[in-house]
Structure formats: structure tokens, C-alpha cells
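The values are calculated or read from the model by the stated rules, or taken from the named source; none is laboratory data. Everything numeric here is computed off the predicted structure, so don't read it as measured data. Here the Cβ is made from the backbone with ideal geometry for all residues, glycine too, and neighbour counts use every protein chain on show.
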């Protein structure tokens, strides 16, 4: 199973890299990426933090998120008050967040894609929080083939914790 997981992640990385090269060739603005260590540094810095936008589904972000993240809906509802801050979009492995970052960059917003996604965050064994900002070890990996370190509890929907 891990081989399939790594193959899918490599395919996503390669595919979105190729799409980005085509967009650049067509003269469209560049969508940058950020690494897990860079994101962690920015999110824990004492200076002004970027806006971290979770573009995953409701089922996914109702389980957990990277601390300090807001949903895409929350960002779009409050975009004016967040203007001027860089935006970092993330999902599970960087595909959905690439498209969202591309949309923002095309609209003139300083945005990048966190290509490692929540899986990369978990593989670095960094903390997660619930939507109400409580620490949690639960994570929704999108597909069951995606693995996370043993310290995390895989939840595929928000009802699993209650056993429903």
C-alpha cells in the first residue's frame, strides 16, 4: 500500500508541476510553493502571520486542521479584512490547493500552495487542532491509502469519534 501512496503523490507533484509550467509558458503568473519547514516557521513566528486557508472538504476540516488555518469559505467571507497578508492554501496533497492558489494569484493576491498538504504536516509530526482550536491527534487523510504516523488517529468522517 505505501508504494501506491507514494506513486500517487509523485504523480500529483509531477502533474501539477507540468500544469504550472504550461501556465508560465502562457504568460500567467507563477504559483509558488512552500515547504513544511517554511510553513511551520511562518506560522510560529512572532511577526505577522500569513493567512492559512484550508481548501479541503467539510468532512476533512471538521476533523482537524493545521493550527491557525481558516476554511476557504471563511477566507472568502472576510477577504477584505485579510487583504495585504500573503495567503497559503493547503489540502491533503497539494492538488486542490494548487488550483485555489492559482485562482488567487490570477486575481492579484499574493498566494502560494503548500504542496505537502496536511499529510506532509503530519509526516513532520506537527500538531493539529479541531475547528474550535482544541489540540487533537485526529486527521482525515482523504483516501484510506494515505498513511500518517502512528501518533495520529485516522478519522474518515466527523462521526467516527462518537462511534456512530
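Just one of the numbered conditions (1) at pLDDT 95 or above; (2) surrounded by fewer than 20 Cβ atoms within 10 Å (Cβ to Cβ); (3) within 20 Å of residue 35 (Cβ to Cβ); (4) touching a helix residue (DSSP H, G or I) at 6+ places or on another chain (Cβ under 8 Å) is not true of residue 148: (1). Looking across the range 135-145 at every residue that is surrounded by 19 or more Cβ atoms within 10 Å (Cβ to Cβ) and closer than 17 Å to residue 96 by Cα, the one that is modelled with the lowest pLDDT is identified as 142.
Suppose we filter 128, 104 for residues that are without any contact (Cβ under 8 Å) to a residue 24 or more places away in the chain, out of contact with any helix residue (DSSP H, G or I) (no Cβ under 7 Å at 6 or more places or on another chain) and crowded, with 17+ Cβ neighbours inside 10 Å; which single one remains?
Result of the check over 128, 104: 104.
Inclusion of residue 132 among residues that are in a loop (DSSP other than H, G, I, E, B) and either closer than 24 Å to residue 73 by Cα or modelled with pLDDT under 85 (or both) is warranted. For residues that are modelled with pLDDT of 90 or more, closer than 22 Å to residue 108 by Cβ and part of a loop (DSSP other than H, G, I, E, B), tally how many sit in the range 32-83. Residues in the range 32-83 being modelled with pLDDT of 90 or more, closer than 22 Å to residue 108 by Cβ and part of a loop (DSSP other than H, G, I, E, B): 5 in total.
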